[in-house]
1. How about region 128-180: which of its residues are open to solvent by 10 Å² or more (accessible area, probe 1.4 Å), within 12 Å of the chain's Cα centre (by Cα) and more than 13 Å from ligand 1 (Cβ to nearest atom)?
2. Among residues belonging to region 113-127 that are of a type in the set (Gly, Ala, Ser) and open to solvent by 10 Å² or more (accessible area, probe 1.4 Å), point out the one that is farthest from ligand 2 (Cβ to nearest atom).
3. Restricted to region 12-30, and to residues that are hydroxyl-bearing (Ser, Thr, Tyr) and closer than 18 Å to residue 73 by Cβ, which residue is least open to solvent (accessible area, probe 1.4 Å)?
4. When you look at residue 31, is it within 16 Å of ligand 1 (Cβ to nearest atom) and on the phi > 0 side of the Ramachandran plot, yes or no?
5. Given the options 85, 45, name the one that is within 16 Å of ligand 1 (Cβ to nearest atom), of a type in the set (Lys, Arg) and open to solvent by 20 Å² or more (accessible area, probe 1.4 Å).
6. When you look at residue 98, is it in contact with a helix residue (DSSP H, G or I) (Cβ under 9 Å, 6 or more places away or on another chain), more than 16 Å from ligand 2 (Cβ to nearest atom) and open to solvent by 10 Å² or more (accessible area, probe 1.4 Å), yes or no?
7. So, of the residues in region 208-242 that are under 23 Å from the mean Cα position of the chain (by Cα) and open to solvent by 70 Å² or more (accessible area, probe 1.4 Å), which turns out to be farthest from residue 253 (Cα to Cα)?
8. Checking residue 113 against (1) in contact (Cβ under 8 Å) with a residue 60 or more places away in the chain; (2) within 13 Å of ligand 1 (Cβ to nearest atom); (3) of a type outside the set (Val, Ile, Thr), which test does it fail?
Amino acid sequence: MPLDLVTIPCLTDNYAFLIHDAASGDTAVIDVPEAAPILAALRQRGWALSQILLTHHHADHIQGVADLRAATGARVAGNAADAHRLPPLDLALHEGQTVQVGNETGTVIDVSGHTIGHVAFHFPASALVFTADSLMACGCGRLFEGTGPQMWTSLSKLARLPPETLVCSGHEYTASNARFALSLDPDNPALVARVAQIAQARQKGQPTVPSRLSDELATNPFLRAGLAQMKARLGLSDASDAAAFTEIRARKDRF
Ligand code: ZN
Ligand code: FE
């Protein structure tokens, strides 16, 4: 049985996620922008929280941890390398290490770039990956700490996951990401179709997160930096994939 997934809107445009293993009753949350909506979602379902998995140190992903931990007694897990700037960790993780939610095992993937030490959590049996501010729906996080090549390496790891994987990212930035994507890739029919779907979903107030990795591969310009037609559009036909990615990221910052 795959994990149950609950997407919880927090603050103005953040997402937290619950994953729940029905067989064992075990429940984890990925990121804690604020405690109240997460506690409400748990209460509504009668679930007890056992673990808090943190992706990176930014306040909008961790500032509810103390309250949520006090209310639930859940253990906190995050990147060992960021222990000095995360809430106190019960479990300090390293890349390649696993986390357990009921019967399901998740793998820690280092996706540094937005921050150094940002991690993603991949649950292969349920085809879920929690990417926060690394790979986002039709976009990627800004480079606050890492370099373009570093982020390209991180996104390339995520791009190699099975295409049916659901990408659970940290923000509802999709509509503006899509406008930028269209400026670079206007003749991509998959992107044109996706932009219409995104507009429709947002009009109805529906989230555009999570998204399917196959759709990201087909439409997300940051995953398409290595394609010849993308490099040609950037005027960087002879550049490396990482250099093309870095240029796309710089253009997005100015968009
Ligand atoms: Zn962030
Ligand atoms: Fe964020």
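The values are calculated or read from the model by the stated rules, or taken from the named source; none is laboratory data. All of these numbers come straight from a predicted model, not from anything done at the bench. Note: ideal-geometry Cβ built from the backbone for every residue, glycine included; neighbour counts use all protein chains shown. With ligands, DNA and RNA removed, areas are computed over all heavy atoms of the protein, side chains included. Shrake-Rupley method; radii C 1.70, N 1.55, O 1.52, S 1.80 Å.
1. Within region 128-180, 166, 172 qualify.
2. At the first step, the residues of region 113-127 found to be of a type in the set (Gly, Ala, Ser) are 113, 117, 120, 125-127.
Of the ones still in play, those that are also open to solvent by 10 Å² or more (accessible area, probe 1.4 Å) are 125-127.
Details: 125: 27, 126: 23, 127: 23 Å.
Looking at residues that are of a type in the set (Gly, Ala, Ser) and open to solvent by 10 Å² or more (accessible area, probe 1.4 Å), I get 125.
3. So the first thing to find is which residues in region 12-30 are hydroxyl-bearing (Ser, Thr, Tyr), and the list is 12, 15, 24, 27.
Checking which are closer than 18 Å to residue 73 by Cβ leaves us with 24, 27.
On the way: 24: 67, 27: 0 Å².
Among those that are hydroxyl-bearing (Ser, Thr, Tyr) and closer than 18 Å to residue 73 by Cβ, it is 27.
4. On the way: within 16 Å of ligand 1 (Cβ to nearest atom): yes; on the phi > 0 side of the Ramachandran plot: yes.
Spelling it out, residue 31 is indeed within 16 Å of ligand 1 (Cβ to nearest atom) and on the phi > 0 side of the Ramachandran plot.
5. Numbers: 45 fails: within 16 Å of ligand 1 (Cβ to nearest atom).
Result of the check over 85, 45: 85.
6. On the way: in contact with a helix residue (DSSP H, G or I) (Cβ under 9 Å, 6 or more places away or on another chain): no; more than 16 Å from ligand 2 (Cβ to nearest atom): yes; open to solvent by 10 Å² or more (accessible area, probe 1.4 Å): yes.
No, not satisfied.
7. Only one residue fits best here, namely 212.
8. Every listed condition holds for residue 113 apart from (1).
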